[in-house]
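Colleague: Shown below is the structure under consideration.
Every read-out reported here was derived from the displayed coordinates using simple, explicitly stated rules and does not represent laboratory data. Computed from a prediction, not measured in an experiment: that's the story for all the values here. Backbone-built Cβ (ideal geometry, glycine too); neighbour counts: all protein chains shown.
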Amino acid sequence: MASKLTTSNRAGWGFALPGFGLIALFIVIPFFFAFYLSLTNQRLISPNPTEFVGLSNYENLLSIGVLTLEPERDDAGTIIRDDDGLPEYPRVRSFTRNNPDFPQYAGMQEWFRWQSGDTAKVVVATDVVFWKSLWNTVKFVLVVAPVQAGLALCLALLINQRLRGINVYRAIYFMPVVVSIVVVSLLWRFLYSPDSGLLNNMLQGLTFGIFEPRDWLGNPDTALGSIMAMSIWQAVGFHMVIWLAGLQTISPMLYEAASIEGASKWQTFRYVTWPGLRNTAVLVLIVITMQAFALFAQIDVMTNGGPLDSTTTLVFQTVERGYGKQDISGGATISVILFLLVLTISLIQRFLTRER
Amino acid sequence: MATISADNHGLRLAVRYVVLTLIAVIFIFPLLFMVMSSLKPSDQLLRDTASLRAFLPVGDIGFDNYTDAFSRAPVGLFVFNSVLVTGVTVLLSLFLCSLAAFSFAFLKWKGRDLLLGIIIATLIVPFETIAIPLLLLVSKLPWIGLEGLQFGWLNTYRVQIIPWIADGLTVFLFVQYFKDLPRELIEAARVEGASWWQIYRRVVMPLAGPVLATAAILKFLVMYNQYLWPLIVVQQESYRPVMVGLQYFFQLDTAWGEIMAYLTIITVPVLAFYLVMQRAFISSIASTGVKG
């Protein structure tokens with residue numbers, strides 16, 4: 001009886017169709033479209049018809065190799081060394097340009113190298129900028145996800161106490177979340193600026209002038225780290241609120257029991273609070289990871305990927321190629337790789353935090 | 001003995017407040033600096049960064065930066081565009097997503113579970129991974145307007161609105177909320193002969209206040225803060241929203257006063273709205289966590 005009352009194919013489809021249709025057209029279709037486009041040479045506007053090119057977009061992005069360079073030796077067989085005593089090596093170009101003996105390295109460029117004994121190992125790739133963007137994105141995720149989740153948990157524990165006016169503090173900690181990341185990025189560009197930047201001035205004041213002012217965003221060693229710090233500052237309140245919601249689902253009875261048993265603060269956290277937060281932890285990590293992989297606006301506003309590609313990211317490359325150079329297929333290929341990365345990491349996180 | 005422990009308690013309380021306040025300073029100082037700097041001439045602004053004056057409304061205070069910002073860029077137009085796009089998208093989103101969720105939560109029909117499954121699956125697709133194929137798609141989509149049939153949605157309001165109306169999270173939030181409503185209510189109305197539309201309109205939606213607030217706030221934040229999408233689909237100034245309009249000020253490393261004025265104009269109304277509606281904002285973020 002009851003089930004008959006609520007069965008209606010016509011009304012059911014009719015009500016769901018507008019919403020579902022929009023999701024299908026603007027999310028599901030573009031999602032599959034990305035896979036298709038990555039197998040073509042599609043451009044945004046082009047006089048030539050689009051061709052199917054198989055996996056060559058992926059080959060161009062992913063081809064990578066390790067070249068072993070033997071040091072140059074003179075006729076007697078001793079290693080030629082430069083003024084600093086370092087061995088001299090043949091140029092990488094002699095392997096990657098017009099060298100029929102090494103067709104696998106043709107067209108590649110050096111990404112980085114390291115020394116092993118007297119030989120040098122050089123990592124070469126066809127698309128070095130892609131590899132740099134992949135590595136920067138991974139670094140960003142590996143630092144931001146645990147640090148942001150951990151700090152957010154500390155803030156949530158701090159806010160989750162009975163104190164007069166605690167809601168005011170909660171509101172303040174959350175405030176940067178409602179400010180656009182674009183605004184935050186432009187504001188922090190000023191805080192980080194080399195000469196009259198607030199950060200340099202504050203650090204100098206705090207260390208009584210010992211601190212040397214630096215160009216935070218202009219130096220390849222500090223640029224990505226500066227963007228990480230700002231991103232954590234902006235979004236940590238968001239995850240604090242999610243942790244807080246998790247904390248409030250833990251029954252006060254458990255805390256009472258722990259205090260009757262004489263548990264220390266750490267023991268209470270370890271055996272009562274943390275087990276009660278397991279589901280929240282999975283969610284926080286997955287959300288942060290997805291947000292971190294999507295890193296774009298900060299880069300676009302603050303550094304444009306530089307200096308020396310030290311802050312370029314996968315999404316930044318997607319946009320620069322797909323929109324900037326109108327190379328839709330190139331952008332789509334990076335999108336697909338990005339999606340597979342996000343999916344893999346989410347699945348791994350789910351597996352590691354599964355119910356045992 | 002008793003007095004010592006009371007002192008001790010007072011001291012610990014004081015330490016807690018000091019810690020809480022120091023952390024609060026970290027979150028507030030850039031925003032405070034933004035607002036204060038917007039009131040100062042650029043040369044004074046730069047000098048003030050060397051001291052705590054950076055955070056105080058002192059010296060030559062005025063609204064010159066604001067008038068300069070308005071004359072440099074069509075600030076009013078950018079604000080209008082953002083308000084229009086955000087407002088229309090939020091309203092349409094609340095309507096169509098709640099309607100779909102109503103169908104998923106209360107009705108039985110063929111294909112329901114499959115469609116809901118697809119919608120849930122879209123939650124793990126970040127927008128950034130579909131932006132480029134979507135750009136190609138909207139550049140070819142047809143539209144029937146006053147001038148008849150046209151192709152291509154670039155440089156319009158609709159390209160900023162229509163793709164953002166429906167999304168998995170909003171539908172999901174409504175479905176979760178509706179599933180907790182008593183089903184007897186629906187069945188009783190059905191027995192009395194109410195149509196599905198009447199039940200949606202007169203029975204369910206009047207009870208949906210909290211979830212409407214949550215969905216509206218989340219959508220508002222996403223839409224008002226849009227950057228990547230309008231950046232690639234809108235080149236014409238007349239359709240640009242506030243965040244893309246910021247690019248006018250990117251190259252002006254000398255006119256920081258104007259930049260701060262523009263940042264304040266586009267940020268402070270949102271901050272004020274947040275401070276008034278603080279509980280609703282925070283509980284809307286929290287609800288995405290508990291249910292997810």
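Colleague: Checking the cross-link filter: which lysines have an alpha carbon closer than 22 Å to that of B:Lys108, excluding same-chain neighbours under 8 positions apart?
Modeller: Candidates past the 8-residue exclusion: A:Lys4, B:Lys179.
Colleague: For the range A:223-233, what does the Karplus curve 6.51 cos²θ - 1.76 cosθ + 1.60, with θ = phi - 60°, yield as ³J(HN,Hα) per residue in whole Hz, taken in order and with x for Gly and Pro?
Modeller: Karplus values, whole Hz, x for Gly and Pro: 4, 5, x, 5, 5, 4, 4, 5, 5, 5, 4.
Colleague: Going by how many other beta carbons lie within 10 Å of each one, how would you line up B:Leu136, A:Leu86, fewest first?
Modeller: Numbers: B:Leu136 21, A:Leu86 12.
Ordered from fewest to most neighbouring Cβ atoms within 10 Å, B:Leu136, A:Leu86 come out as A:Leu86, B:Leu136.
Colleague: Would you order B:Glu147, B:Glu237, A:Glu320, A:Glu59 from fewest to most other beta-carbon atoms within 10 Å of each residue's own beta-carbon?
Modeller: With the sparsest Cβ surroundings first, the list reads B:Glu147, A:Glu59, B:Glu237, A:Glu320.
Colleague: Could you give the angle, 0 to 90 degrees to the nearest 10, between helix A:166-178's Cα long axis and the longest principal axis of the Cα atoms of chain A?
Modeller: Compared with the principal axis, the helix lies near 40 degrees.
Colleague: Right, another one. Gaussian network model of chain B, Cα springs within a sub-10 Å range: biggest mean-square fluctuation belongs to which of B:Ser82, B:Ser98, B:Ser139?
Modeller: Most flexible of the set in this elastic network: B:Ser139.
Colleague: Would you mind checking the tilt of helix A:128-159 against the longest principal axis of the Cα atoms of chain A, expressed as 0 to 90 degrees and rounded to 10?
Modeller: On a 0 to 90 degree scale, this one is about 20.
Colleague: Please state the charge dipole magnitude for the protein assembly as shown, taken about the Cα centre, from unit charges on C-beta atoms (+1 on K and R, -1 on D and E), reported in debye and rounded to the nearest 20. Don't skip to the answer; put the middle values down first.
Modeller: Values: 45 positive and 42 negative charges, 601 e Å.
Rounded to the nearest 20 debye, it is 2880 debye.
Colleague: Expressed in nm to one decimal, what extension gain is obtained for the pair B:Gln235 and B:Arg279 from 0.36 nm per residue of sequence separation less their Cα-Cα distance?
Modeller: Contour length minus the Cα-Cα distance gives 12.1 nm.
Colleague: Choose one answer from A:Val138, A:Val92, A:Val177: the residue with the largest mean-square fluctuation in a GNM of chain A with alpha-carbon springs under 10 Å.
Modeller: Top of the fluctuation ranking is A:Val92.
Colleague: Please report the spacing between the Cα centers of the range B:110-167 and the range B:18-41 in Å, no decimals.
Modeller: The two parts, judged by their Cα centres, are 40 Å apart.
Colleague: Where does the protein assembly as shown land at 222 nm, in deg cm²/dmol rounded to the nearest 500, when only DSSP H runs of n ≥ 4 count, each adding -39500 (n - 2.57), divided by all residues?
Modeller: Working: 30 runs with 386 residues, N = 648.
Mean residue ellipticity, 222 nm, calculated: -19000 deg cm²/dmol.
Colleague: Just to confirm the number: angle between the C-alpha axis of helix A:9-23 and the first principal axis of chain A, 0 to 90 degrees, nearest 10?
Modeller: The angle comes out at about 40 degrees.
Colleague: Now for a separate question. Quick query: amide H of A:Trp111 versus all other amide H atoms, modeled in the peptide plane; which residues come in under 5 Å with a sequence gap of 5 or more or a different chain?
Modeller: Here A:Val123, A:Val124, A:Ala125 satisfy the definition.
Colleague: Taking only Cα atoms and a 10 Å spring cutoff, compute GNM fluctuations for chain B and point out the largest among B:Val25, B:Val276, B:Val244.
Modeller: Highest fluctuation of the listed residues: B:Val25.
Colleague: Got a sec to turn the phi values of the range B:124-141 into Karplus ³J(HN,Hα) couplings, 6.51 cos²θ - 1.76 cosθ + 1.60 with θ = phi - 60°, whole Hz, x for Gly and Pro?
Modeller: Couplings: 8, 9, x, 4, 4, 7, 10, 4, 6, x, 5, 4, 5, 4, 5, 6, 10, 5 Hz.
Colleague: With just the Cα atoms defining each centre, how far is the range A:7-86 from the range A:149-171? Give it in Å.
Modeller: Each part reduced to its Cα centre gives a spacing of 43 Å.
Colleague: Can you tell me the dipole magnitude for the range A:1-112 around its Cα centre, using point charges on the Cβ only (Lys, Arg +1; Asp, Glu -1), in Debye to the nearest 20?
Modeller: 1400 debye
Colleague: Amide H neighbours of A:Arg73 under 5 Å, counting only residues 5+ apart in sequence or on other chains, H built in-plane at 1.01 Å?
Modeller: Amide H neighbours of A:Arg73: A:Ile80.
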